[in-house]
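Report on the following structure.
The values are calculated or read from the model by the stated rules, or taken from the named source; none is laboratory data. A quick note: this is a predicted structure, and the numbers were derived from the prediction, not measured. Cβ atoms come from the backbone with ideal geometry, glycine included; neighbour counts cover every protein chain shown.
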Amino acid sequence: MVPTAQGGTDCLVFDFATGEMVPDRSYFGYVTPGSGKDVDVLTEAEFEARLAASRAGAGSLAARQVREWARQLCAATGTAADVAAALGFPGAAPVADAVAVDPPPPGYREMEVASSRGRRASATLRPAGRLLTREVLEAGLGPGRELPIFPDSGDEGHVAYRVEVPGVPGQCMVSVRFRRGAAARLRLTAQD
C-alpha cells in the first residue's frame, strides 16, 4: 500500500510477467484490517528483499522463455504464420511476410514474427517491463557479444547472444537493445 499524491492510498501488486508494481485495488479486500485474511506485515527492508527475490525469479523465467523461443525458431520453417505457430501462437493472421501476435505474450507490449522465401525467420519483441536485464539474460543465455550502438539511438547497450539446438543445423541469434537498465527490444533471428 502506498500513499498517492492526492492524499489517499493505492494498492500495488507485483506483476510476475513484467516485474513491475502495478495498481490492483482488489487487494484492498485482503489487507484491510478485519478482512479475516492471513496477512504478513513486512518492514520496508523485508519487503525490498522479497521484491528483489520475486523479480529475480520472474526474470529467470522470462529469460528461459526467450531461450525456448530461440530454440523453436531455429527449427521452424515455412511462412510467418507457420513460424508463429511453432513458437506457440497458432491462428495469427499474416500481413505480407509478418505476423503480429495479438494479444502479445504476457510481459510484452508487442511481438512480430516474420518469415519469407530467401529470408531467415525472425521474431521481434518489445518487453512491457524491466525484467530482462543484461545480468538476467547472461544467466539464461550465456555470455553475449557487444554490438555497435547507433548515435542518438538512446540505447545503453546492444548485445548479441547465440542459442544453439543440438541436432538442428544453424543457430538463433538473440540481439538485445538495452535502455533504462533493461531490454527494450529483442530480435531473435534464425541463422544457418
| query | So is residue 50 of a type outside the set (A, V, I, L, M) and in contact (Cβ under 8 Å) with a residue 40 or more places away in the chain or not? | reply | no
| query | When only residues in region 92-137 that are polar (S, T, N, Q), outside any loop (DSSP other than H, G, I, E, B) and surrounded by 15 or more Cβ atoms within 10 Å (Cβ to Cβ) count, which is modelled with the highest pLDDT? | reply | 124
| query | Looking only at region 134-184, which residues are basic (Lys, Arg) and within 15 Å of residue 67 (Cα to Cα)? | reply | 134, 162
| remark: Flagged in region 154-192 as assigned to a strand (DSSP E or B), among the β-branched types (Val, Ile, Thr) and within 20 Å of residue 121 (Cβ to Cβ), in numbering order, are 163, 174, 176, 189
| remark: Counting only residues in region 97-126 that are of a type in the set (Val, Ile, Thr) and farther than 14 Å from residue 183 by Cβ, the one farthest from the chain's Cα centre (by Cα) is identified as 99
| said: For region 1-10, check the following and say yes or no: at least one residue is under 23 Å from residue 131 (Cα atoms), in a loop (DSSP other than H, G, I, E, B) and touching a Ser or Thr at 6+ places or on another chain (Cβ under 7 Å). | reply: yes
| query | Checking residue 39 against (1) at pLDDT 90 or above; (2) in contact with a helix residue (DSSP H, G or I) (Cβ under 7 Å, 6 or more places away or on another chain); (3) not small (Gly, Ala, Ser), which single condition isn't satisfied? | reply | (1)
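Restricting to region 32-62, name every residue that is among the charged types (D, E, K, R) and within 15 Å of residue 12 (Cβ to Cβ).
Within region 32-62, 44, 48, 50, 55 qualify.
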| request: Return the residue satisfying two criteria in turn: it lies in region 154-175 and is farther than 15 Å from residue 73 by Cβ and touching a residue at least 24 places away in the same chain (Cβ under 8 Å), and of such residues it is surrounded by the fewest Cβ atoms within 10 Å (Cβ to Cβ). | output: 154
| note | Okay, helices (runs of 4 or more DSSP H) sitting entirely in region 14-90 with 1 or more residues that are surrounded by 14 or more Cβ atoms within 10 Å (Cβ to Cβ) and under 22 Å from the mean Cα position of the chain (by Cα), I get 44-75, 80-86
| field | Per-region count, region 138-149, residues assigned to a loop (DSSP other than H, G, I, E, B) and either out of contact with any helix residue (DSSP H, G or I) (no Cβ under 7 Å at 6 or more places or on another chain) or among the charged types (D, E, K, R) (or both) | value | 5
